[in-house]
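In what follows, a single structure is set out as structure tokens and then discussed.
The values are calculated or read from the model by the stated rules, or taken from the named source; none is laboratory data. Keep in mind that what you see is a predicted model, and the values were worked out from it rather than measured. FYI the Cβ positions are ideal-geometry reconstructions off the backbone, even for glycines, and counts take in every protein chain you see.
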Amino acid sequence: MSIQMVDLKGQYQKIKPEIDTALLSCAESANYIKGNEVKQFEDGLAKYLNTDHVISCGNGTDALQIALMALDLKPEDEVIVPAFTYVATAEAIALLKLKPVMVDVDSDTFNISIDSLEKAITPKTKAIVPVHLYGQSADMESIMMLADKYGIFVIEDNAQSLGAEYIFSNGTKKKTGTIGHIGCYSFFPTKNLGCFGDGGALSTNDSELAKRCQMIASHGQQKKYYHETIGCNSRLDTIQAGILNVKLKYLDEYIFARKKSAEYYFQNLDGLEGLVLPNKAAYANHTFNQFTLKVQNNNRDKLQAFLKEQGIPSIIYYPFPLYAQPAFKQFSPNGFQLENTEILCKSVLSIPMHTELTEEIQDKVIESIRNFN
Ligand SMILES: *Cc1c(COP(=O)(O)O)cnc(C)c1O
């Protein structure tokens, strides 16, 4: 039995007839760009998210860029991001000549620290890009309170957490991505909803912003050959939309499978010395895109090597803080460090988590981790 971080083949095999029909239908229709499937997917996702507008695009990184372009910010305006995230979160900010301001995360939830966020707000702060990392919502109620107080836009980087929910203090729930001004999604194959290549989307309840995002993703035009603003070319292919239409129906099942596997890890890895299991925030409905351990006592790399010897894969998301990356050093003073981010980069380890996990596979992973201790 070979153990994988994700099992995309296994997931395909289960719905192969439906997917194959979608693939063939795209080949035969020859509507490779902006076929009916694209609109169908946008409508389907809007319904799933309970939001007014969904605009599809080429990938999650483009979604973040289009969102920022839609806000019409000025060079040097500041945009706050967590330092512990995938590079894409900050890339578009720098590309648009805005200033990424990196703040710390909470050591339990791995998500943006509200305290660190508030301290970083200046009169130049125009947007916050909270990330819902590993499948779990950031503390959106606190973020929106600060955003309202200071008049700041919120763009949610929901690449890893489609389908997750935030539970407000009054008990109401909203899907992540639909709470801020714009939500950004990725359909990279390993995300909660993955296509067979690259894909992305934006969501918003603001029709003006929706119009702008739509226009920017399409060369700044609403009418063909009539370019109102500088845009880009970012499209979800018809063939990917066809696949996503099939898989969207199974998204809640996929999330259920992830949660069930997470529970099995919780039951069987609980209480091990030097190992901290993921935290489930009371305000969040965690979808476990990743199951990420914190390995204490500087043992992370040793545990990873030990697991590798037994044929158990694991990945470090993320080995370096954003501010330590050569590309992003320019945005913070020399020697800049954030305490929790530093510790997490040295201690996190994500173990196999996907929709096709079985207890038999998990038992192997669990046994190997136990043997290390
Ligand atoms: C995957 C990811 C992205 C980018 O998505 P792509 O579709 O790969 O461009 C952005 N932010 C985070 C946090 C991600 O995990």
Name the residue that is nearest to the chain's Cα centre (by Cα), counting only residues in the stretch 320-370 that are within 28 Å of Pro189 (Cα to Cα) and basic (Lys, Arg). Lys346
Can you name every one of the strands (runs of 3 or more DSSP E) wholly within the stretch 160-219 that holds 2 or more residues which are in contact (Cβ under 8 Å) with a residue 40 or more places away in the chain and among the basic types (Lys, Arg)? 173-175
Checked against (1) in a loop (DSSP other than H, G, I, E, B); (2) surrounded by fewer than 20 Cβ atoms within 10 Å (Cβ to Cβ); (3) not polar (S, T, N, Q), Asp148 satisfies every condition except (1)
Residue list for the stretch 84-105, restricted to those being among the acidic types (Asp, Glu) and either part of a helix (DSSP H, G or I) or closer than 23 Å to Gly231 by Cβ (or both): Glu91
Since Glu156 meets every condition but one in (1) touching a residue at least 40 places away in the same chain (Cβ under 8 Å); (2) within 16 Å of the ligand (Cβ to nearest atom); (3) not hydrophobic (A, V, I, L, M, F, W, C), which condition does it not meet? (1)
In the set Thr229, Thr178, Thr190, Thr172, the lone residue that is closer than 16 Å to Leu244 by Cβ and either within 16 Å of the ligand (Cβ to nearest atom) or of a type outside the set (Gly, Ala, Ser) (or both) is Thr190
Residue count, the stretch 339-373, condition out of contact with any helix residue (DSSP H, G or I) (no Cβ under 7 Å at 6 or more places or on another chain) and part of a loop (DSSP other than H, G, I, E, B), comes to 3
Count of the stretch 1-13 residues which are in contact (Cβ under 8 Å) with a residue 60 or more places away in the chain and surrounded by 14 or more Cβ atoms within 10 Å (Cβ to Cβ): 8
Options Ser107, Ser137: the member that is small (Gly, Ala, Ser), more than 12 Å from the ligand (Cβ to nearest atom), under 26 Å from Ile316 (Cβ atoms) and surrounded by fewer than 20 Cβ atoms within 10 Å (Cβ to Cβ): Ser107
Of all the residues that make up the stretch 28-43, how many are surrounded by fewer than 18 Cβ atoms within 10 Å (Cβ to Cβ) and either in contact (Cβ under 8 Å) with a residue 40 or more places away in the chain or under 20 Å from Ala201 (Cα atoms) (or both)? 9
Options Leu244, Leu277; residue that is at pLDDT 95 or above, buried (at least 18 other Cβ atoms within 10 Å of the Cβ) and in contact with a helix residue (DSSP H, G or I) (Cβ under 8 Å, 6 or more places away or on another chain): Leu244
From the options Ala88, Ala92, Ala63, residue that is within 27 Å of Val348 (Cβ to Cβ), near the ligand (Cβ under 10 Å from one of its atoms) and without any contact (Cβ under 8 Å) to a residue 40 or more places away in the chain: Ala92
